[in-house]
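Notes to accompany the following structure.
The values are calculated or read from the model by the stated rules, or taken from the named source; none is laboratory data. It should be emphasised that the depicted structure is a prediction, and the values quoted were computed from it without experimental measurement. For neighbour counting, all protein chains shown are included, and Cβ atoms are generated from backbone atoms with ideal geometry for every residue, glycine included. Each accessible area value is taken on the protein alone, full model and side chains, heavy atoms only, with ligands, DNA and RNA left out. Shrake-Rupley method; radii C 1.70, N 1.55, O 1.52, S 1.80 Å.
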Amino acid sequence: MAESERRAGTTEEVTPPLQQCFMIPKKEINMVSDMAKWKRSQAYADYMGFILTLNEGVKGKKLTCEYKVSEPIEKLVALLNTLDRWIDETPPVDQPSRFGNKAFRTWYAKLDQEAEKLVATVIPKHLAAAAPEVAVYLKESVGNSTRIDYGTGHEAAFAAFLCCLCKIGVLRVDDQMAIVFKVFNRYLEVMRKLQKTYRMEPAGSQGVWGLDDFQFLPFIWGSSQLIDHPTLEPRHFVDEKVVNENHKDFMFLECILFITEMKTGPFAEHSNQLWNISAVPSWSKVNQGLIRMYKAECLEKFPVIQHFKFGSLLPIQPVTS
């Protein structure tokens, strides 16, 4: 029986290839000249492939549409619900500085301690050896506990976490919509709660010249959701009424709503890049432009990628064609 046939069978038949040796991911990008290694790496190819596959998978679909929800997806949502509950159990402390509430460190210490156990609840017994490797990406995805900040590098670690779960076969091709709409969307809710509760600083923010202080991927996938929408055009997302009526269906508008809750003053001033995007004629052009911008502003920037970790699932080795 061919390997591919055996793998396509039932879950208990999916055994990892024997040569798979899991390892604790580590930092490999130590100076600007190492960025070339990253761009040639298997990790970069797999990560970008994952982002683009999901981009295609959610095209023209609403958050509220029907899609398959598998058991691993349910378990991932339960994991995120646990992180959410810990925020409630760890209220902010009184401190002189307004930003970077130190209670975040207490919250983070709990995740640091429990991450492997949490990941073990999502992956089947025969893949238990993968938990320590995969857990590193989960720990990296919630912000930095020293600086009490959060940015697109942390978001990338969460996408890498999900990508690893796909690589070991926990998440499947038919989980695509649920990965974005159920898991990633829940992750965003928990991150927004962290950002608000502990007044986290934006990591490496370009201020008004960045796309957003904290996230990038929901703008990519969210613009893909809106491709070929019969009535909503990019110019509409700066209209408060449109956002209020449609945010539950579209990730992009959910992001806009959060920005307007968090920031005061004219939209064109506090979110200049997004304001410019609202002038783009079509959502497919917005989507293509955001993918280019993501590569240039996040994945090809040393301050972001220097923190990325590489292991057996996302290796630093060059792509083998």
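If you take all other residues with their beta carbon under 10 Å from the beta carbon of F99, and give Lys and Arg +1 and Asp and Glu -1, the sum is 0.
Look at the dipole of the chain built from charges on Cβ: of L299, G60, V122, the Cα furthest out on the positive end belongs to L299. Summarising the amide proton neighbourhood of F310: residues at separation of 5 or more, or on other chains, whose placed amide H is nearer than 5 Å comprise K26, K27, E28.
Computed from backbone phi with θ = phi - 60° and the Karplus coefficients 6.51, -1.76 and 1.60, the 3J(HN,Hα) list for segment 301-309 is 9, 3, x, 7, 7, 4, 8, 5, 10 Hz; x is used for glycine and proline.
Please go through segment 182-268 and write out the GluC sites (Glu not before Pro) that DSSP classes as loop and that have at most 11 other C-beta atoms within 10 Å. Don't skip to the answer; put the middle values down first.
Working: sites: E189, E240, E245, E254, E261; in loops: none.
Counting only loop positions with at most 11 other Cβ atoms within 10 Å, none of the GluC sites (Glu not before Pro) in segment 182-268 qualifies.
State to the nearest 20 debye the size of the charge dipole of segment 117-245 about its Cα centre, where the only charges are +1 on K and R beta carbons and -1 on D and E beta carbons. Don't skip to the end; give the middle numbers.
Working: 14 positive and 15 negative charges, 127 e Å.
In total the dipole reaches around 620 debye.
The alpha-carbon of K110 sits under 16 angstrom from the alpha-carbons of these lysines, leaving out residues fewer than 8 places away in its chain: K102, K139. In whole percents, the pair-distance distribution calculated for segment 199-283 from its alpha-carbon pairs, binned every 10 Å from zero, is 17, 56, 25, 2. Could you tell me what % of all Cα pairs in segment 120-265 have separations over 25 Å? In whole percent, the share of Cα-Cα pairs in segment 120-265 beyond 25 Å is 35. Computed from backbone phi with θ = phi - 60° and the Karplus coefficients 6.51, -1.76 and 1.60, the 3J(HN,Hα) list for segment 264-280 is 10, x, x, 4, 4, 7, 7, 9, 4, 4, 5, 4, 5, 5, 5, 8, 6 Hz; x is used for glycine and proline.
To the nearest 20 Debye, how big is the dipole of the chain about its Cα centre, given +1 on the beta carbon of each Lys and Arg and -1 on that of each Asp and Glu?
On the way: 38 positive and 39 negative charges, 107 e Å.
Dipole size: approximately 520 debye.
Applying the criteria of a DSSP loop state and at most 11 other Cβ atoms within 10 Å to the GluC sites (Glu not before Pro) of segment 64-135 yields E66. In the context of the full set of protein chains, residues of the chain present 47 Å² of accessible surface per residue (probe radius 1.4 Å, heavy atoms only). Dipole orientation for segment 139-256: of the candidates L217, F161, L232, F161 has the Cα lying most toward the positive pole (charges on Cβ; Lys, Arg +1; Asp, Glu -1).
Give me the net charge for the shell around K248: Cβ to Cβ below 13 angstrom, other residues only, Lys and Arg +1, Asp and Glu -1.
On the way: positive: K62; negative: E189, E245, D249, E254.
Net of charged neighbours comes to -3.
Straight Cα distances below 16 angstrom link K39 to the lysines K27, K295, K301, K309, with same-chain residues fewer than 8 positions distant left out.
In order along segment 234-247, the Karplus-derived 3J(HN,Hα) couplings, from 6.51 cos²θ - 1.76 cosθ + 1.60 at θ = phi - 60°, round to x, 5, 6, 6, 8, 8, 4, 5, 4, 4, 4, 7, 10, 5 Hz, and Gly and Pro are given as x. Per atom type, the chain shows carbon and sulfur on 54% of its accessible surface, probed at 1.4 Å.
As a size descriptor, the averaged projected area of the C-alpha convex hull of segment 17-147 was calculated at 12.0 nm². Using +1 at the Cβ of each Lys and Arg and -1 at the Cβ of each Asp and Glu in the chain, identify which of P96, V173, G265 lies farthest towards the dipole's positive end. The residue sitting farthest along the positive end of the dipole is P96.
In Å³ and rounded to a whole number, note down the convex hull volume per residue for the Cα atoms of the chain. Mind showing how you got there, number by number?
On the way: hull volume 46.6 nm³, N = 321.
Output value, Cα hull per residue: 145 Å³.
Net charge of the neighbourhood of G289, taken over other residues with C-beta under 14 Å away and scored Lys/Arg +1, Asp/Glu -1, is +2.
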